[in-house]
Amino acid sequence: DLALHHSKTDPSGNIRLYDDAMRVERDQKQSLEKDLADAIKNDHLELHYQPQYDLKTGSPVALEALVRWFHPRRGFMSPKDFISLAEESGIIHDLGMWCIDRACQDRIEFGWTIPVAVNVSPQEFANPYFAGSVASVLRRNGFPGNGLELELTEFSPVQRGEFVYKNMDDLRELGVAITLDDYGAGHASLGTLKAFPFGKLKVDRDYILSLKSDPSSARIIRSVLLLGSALGIPVVVEGVETAAHEAFLKSEACEIGQGYWFARPAPASELKNIPCGTSVASGWYAAHRS
Ligand code: C2E
Ligand code: MG
Ligand code: MG
Ligand code: MG
């Protein structure tokens, strides 16, 4: 055993300590993986929703579902703390289906008429059974395909297996629209836009958040808006945090905005004051923004 050998020959004991630390980390990871699998089985996950707003009319046009995990001992955990773990361990496939299923149920239960938008990992999208599983969830819930959108974070051409295209086609057939999420944060490529018929293009929030500090951000957002309009794809800007952000986007004729300035992600039951059903009162936006 290599570690043991080193610990014997290295009087400082450094290697041995390193080895122990690695073991602890691995054990913690495994126990967290098990907890996550249990959480999915026992419904200990929750979806919070954040609306996307039509910047012209002020009406919500979609509700983005964001997964939350309340760990029995660690407490609240953000997706950043467990999505990559779920991806590494393969749990992501069950997690993803849980989210789609729950989002469909919430939309029915709360009578929303705008689509729910669920985030999916590139890994889920590369799974040959993905579109088929989505179809079963829709069927089981008697849910219309056009009531569901999927937000797909940019993936590299390398991650693109043959099934990505197949899933895309099959989902389109079901009426499910795909948004390209976090555009500009990863492998932003014009080829991706050309190869896939995205329903929306969502600009990574870093661009709006650095609007003030970095003069190139405004130019980049502007050019993505042009790109979207040239391709006939509505552009969403996420991370809208201030009145100045909103004003900038309106002056650039950006179609859709999302961010803390409009609404923070919240449990479904707390969306009561947000008109997500048919009875969207005109002027609601003006009345609630001052
Ligand atoms: P995302 O899809 O880009 O979601 C936007 C993230 O920005 C969310 O973080 C949201 O809470 C946060 N956000 C919203 N408005 C603002 C704002 O005005 N300012 C700032 N600074 N942040 C804002 P959250 O919920 O922690 O999710 C992080 C990421 O985790 C998501 O990024 C998404 O990629 C991933 N994720 C969330 N739920 C799921 C899920 O169910 N499945 C998968 N595969 N990934 C998920
Ligand atoms: Mg998203
Ligand atoms: Mg994302
Ligand atoms: Mg993002």
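The number of residues in the range 111-131 being under 14 Å from residue 176 (Cβ atoms) and assigned to a helix (DSSP H, G or I) comes to 4. Only a single criterion out of (1) open to solvent by 20 Å² or more (accessible area, probe 1.4 Å); (2) in contact with an Asp or Glu (Cβ under 9 Å, 6 or more places away or on another chain); (3) of a type in the set (Gly, Ala, Ser) is not satisfied by residue 257, namely (1). Being more than 13 Å from ligand 3 (Cβ to nearest atom), of a type in the set (Gly, Ala, Ser) and open to solvent by less than 10 Å² (accessible area, probe 1.4 Å) is the requirement here; does residue 175 meet it? Taking the combined requirement at face value, the residue does not satisfy it.
Given the structure, is residue 184 within 13 Å of ligand 3 (Cβ to nearest atom) and at positive phi?
So residue 184 passes the test.
Of the helices (runs of 4 or more DSSP H) entirely within the range 154-267, those holding at least 3 residues that are more than 16 Å from ligand 4 (Cβ to nearest atom) and either at pLDDT below 95 or under 29 Å from residue 136 (Cβ atoms) (or both) occupy 162-174, 190-195, 215-231.
For every residue, the table says whether it meets (1) under 16 Å from the mean Cα position of the chain (by Cα); (2) closer than 15 Å to residue 169 by Cα; (3) crowded, with 19+ Cβ neighbours inside 10 Å.
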site	(1), (2), (3)
105	no, no, no
112	no, no, yes
115	yes, no, yes
118	yes, no, yes
123	yes, no, no
128	no, yes, no
132	no, yes, no
138	no, no, yes
151	yes, no, yes
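Against the list (1) modelled with pLDDT under 85; (2) surrounded by 17 or more Cβ atoms within 10 Å (Cβ to Cβ); (3) among the β-branched types (Val, Ile, Thr), the condition residue 9 fails is (2). Against the list (1) open to solvent by less than 50 Å² (accessible area, probe 1.4 Å); (2) more than 24 Å from residue 258 (Cβ to Cβ), the condition residue 100 fails is (2).
Let's see how each residue does on (1) aromatic (Phe, Trp, Tyr); (2) farther than 26 Å from residue 113 by Cβ; (3) out of contact with any His (no Cβ under 7 Å at 6 or more places or on another chain); (4) without any contact (Cβ under 8 Å) to a residue 40 or more places away in the chain:
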site: 137; (1), (2), (3), (4): no, no, yes, no
site: 141; (1), (2), (3), (4): no, no, yes, no
site: 146; (1), (2), (3), (4): no, no, yes, yes
site: 215; (1), (2), (3), (4): no, yes, yes, yes
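Within the range 69-84, is there a residue that is among the hydroxyl-bearing types (Ser, Thr, Tyr) and in contact (Cβ under 8 Å) with a residue 12 or more places away in the chain? Walk me through how you get there before you give the answer.
Within the range 69-84, the subset among the hydroxyl-bearing types (Ser, Thr, Tyr) is 78, 84.
Then keep just the ones that are in contact (Cβ under 8 Å) with a residue 12 or more places away in the chain; that gives none.
Within the range 69-84, not a single residue is among the hydroxyl-bearing types (Ser, Thr, Tyr) and in contact (Cβ under 8 Å) with a residue 12 or more places away in the chain.
Taking the stated definitions as given, is residue 163 over 19 Å from residue 252 (Cβ atoms), more than 18 Å from the chain's Cα centre (by Cα) and buried (at least 16 other Cβ atoms within 10 Å of the Cβ)? When the stated conditions are applied, residue 163 passes them. Does any residue of the range 153-164 turn out to be hydroxyl-bearing (Ser, Thr, Tyr), within 23 Å of residue 83 (Cα to Cα) and either touching a residue at least 12 places away in the same chain (Cβ under 8 Å) or away from ligand 1 (no atom under 14 Å from the Cβ) (or both)? Yes; the residues of the range 153-164 include at least one that is hydroxyl-bearing (Ser, Thr, Tyr), within 23 Å of residue 83 (Cα to Cα) and either touching a residue at least 12 places away in the same chain (Cβ under 8 Å) or away from ligand 1 (no atom under 14 Å from the Cβ) (or both).
The values are calculated or read from the model by the stated rules, or taken from the named source; none is laboratory data. Fair warning: this is a prediction, and the values are worked out from it, not measured in the lab. Here Cβ is always computed from backbone atoms with ideal geometry, including for glycine, and neighbour counts include all displayed protein chains. Please note that ligands, DNA and RNA were not included when accessible areas were found on the heavy atoms of the full protein model with its side chains. Shrake-Rupley method; radii C 1.70, N 1.55, O 1.52, S 1.80 Å.
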